[in-house]
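The values are calculated or read from the model by the stated rules, or taken from the named source; none is laboratory data. In this text, all values refer to a predicted model and were calculated from it rather than measured experimentally. Heads up, the Cβs are rebuilt from the backbone with ideal geometry, glycines too, and the neighbour counts pull from every protein chain shown. Accessible surface is based on the protein model in full, side chains and every heavy atom, while ligands, DNA and RNA are left aside. Shrake-Rupley method; radii C 1.70, N 1.55, O 1.52, S 1.80 Å.
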Amino acid sequence: MNNVCVRAPAKINLGLRVLKKRPDGYHEIETVFQMVSLFDDLRIEEGGPGIRIESDRDDLPCGEGNLIYRAAELLGRESGRPPAVRIRLCKRIPIAAGLGGGSSDAAATLVGLNRLWNLGFSRGRLMALAGEIGMDVPFFLFSATAFAKGRGEILEKLPSPSPPLWILLIHPGFKVSTAWAYQSLKLGLTIEHKNISIPKFFVAFPGEGRIPLENDLEKVTFKEYPRLKEIKGTLETSGALHVLMSGSGSAIFGLFQDKDKALSVQKRLEQRKDLSVYLVHTLSALPA
């Protein structure tokens, strides 16, 4: 085998609670991660020198700052095999949109190189390495649906929605910095945690009130980017079961039980040239 192809799914946050700032500078969070059927594709080939990343996106750095590069470098160091690989990335997940594309690409790189080099590393060992790359990276090696706490690295499996939910992902065409969103958040001033019962249509929450389907980062992000609030309002009047910003944005999603209803809303929103609209569904298993 001299090449492998791997898929990297996007995620959404079905609720995000920011609890406190930690001594290490990060924030303590609680969230529910859910993988969805929007994928980047990676083709990894043997051949050097070093690590070469090629992408179909001009605005994506392909050097050492890319999480794919860091993943390949780390696995090479851990395995004692200096990487000499060419990685071609077909990028479909919007960048800096709260959808975890970079983290998912890094996790897929670990999986792909483990397979290409026939290392036989366990999923647990890959997850430990993933935690050195970024907080969200271990999730993409763990489960399609998970409750996360700490910095996002403490994970617990949850049952995935059954039957799958249909999701309209709306991307407004601009990026939002995760670091900026957390730095701008004023804990205790912008957050009012409410006792909200979990909607009955979503079965991944085993108990009422565990984490509300709210996103604490919406207030600060919507203040800076009011168009996101307008997009959310549009989806809320479309018949979606629930509408939320994913992560720190800029993607907004609406949940639907009925595909035909989601398709009808998609056709209407696609008439707006300022938006990219994706119809996807929740996943119940990791990509093969």
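Details
- Filter pass, LEU269 being aliphatic (A, V, I, L, M), touching a residue at least 40 places away in the same chain (Cβ under 8 Å) and under 13 Å from HIS171 (Cα atoms): yes
- Per the listing GLY124, GLY102, the residue uniquely closer than 30 Å to GLU218 by Cα, in a helix (DSSP H, G or I) and open to solvent by 20 Å² or more (accessible area, probe 1.4 Å) is GLY102.
- Residue in the range 138-165 that is surrounded by the fewest Cβ atoms within 10 Å (Cβ to Cβ), counting only those that are within 14 Å of the chain's Cα centre (by Cα) and not hydrophobic (A, V, I, L, M, F, W, C): GLU153
- For the range 1-28, the set of residues classified as open to solvent by 30 Å² or more (accessible area, probe 1.4 Å), touching a strand residue (DSSP E or B) at 6+ places or on another chain (Cβ under 9 Å) and either under 24 Å from GLY65 (Cβ atoms) or assigned to a strand (DSSP E or B) (or both) consists of ASN3, CYS5, ARG7, ARG17, LEU19, LYS20, LYS21, TYR26, GLU28, listed by residue number.
- Test: residue in the range 227-244 that is of a type in the set (Asp, Glu) and in contact with a Ser or Thr (Cβ under 8 Å, 6 or more places away or on another chain): no
- Residues being surrounded by 15 or more Cβ atoms within 10 Å (Cβ to Cβ) and under 30 Å from ASP216 (Cβ atoms) - total across the range 29-60: 13
- Tally, over the range 233-244, of residues that are open to solvent by 30 Å² or more (accessible area, probe 1.4 Å) and either over 17 Å from PRO172 (Cβ atoms) or not polar (S, T, N, Q) (or both): 5
- Close pairs from the range 244-262: first closer than 22 Å to ASP136 by Cβ, partner in a loop (DSSP other than H, G, I, E, B) and of a type in the set (D, E, K, R), Cβ under 7 Å, at least 6 apart: SER250/LYS175
- Taking each residue of the range 77-96 that is outside any loop (DSSP other than H, G, I, E, B) and looking for partners that are polar (S, T, N, Q) with beta-carbon atoms closer than 6 Å, six or more apart or interchain, yields LEU89/SER55.
- Just one residue in the set GLU73, GLU54 is part of a strand (DSSP E or B) and over 14 Å from PHE140 (Cβ atoms); that residue is GLU54.
- Pick from the range 166-181, criterion among the aromatic types (Phe, Trp, Tyr) and more than 18 Å from TYR26 (Cβ to Cβ), ranking: surrounded by the most Cβ atoms within 10 Å (Cβ to Cβ): TRP166
- Going through (1) loosely packed, with under 13 Cβ neighbours inside 10 Å; (2) in contact with a strand residue (DSSP E or B) (Cβ under 9 Å, 6 or more places away or on another chain); (3) modelled with pLDDT of 95 or more one by one, PRO199 falls short only on (3).
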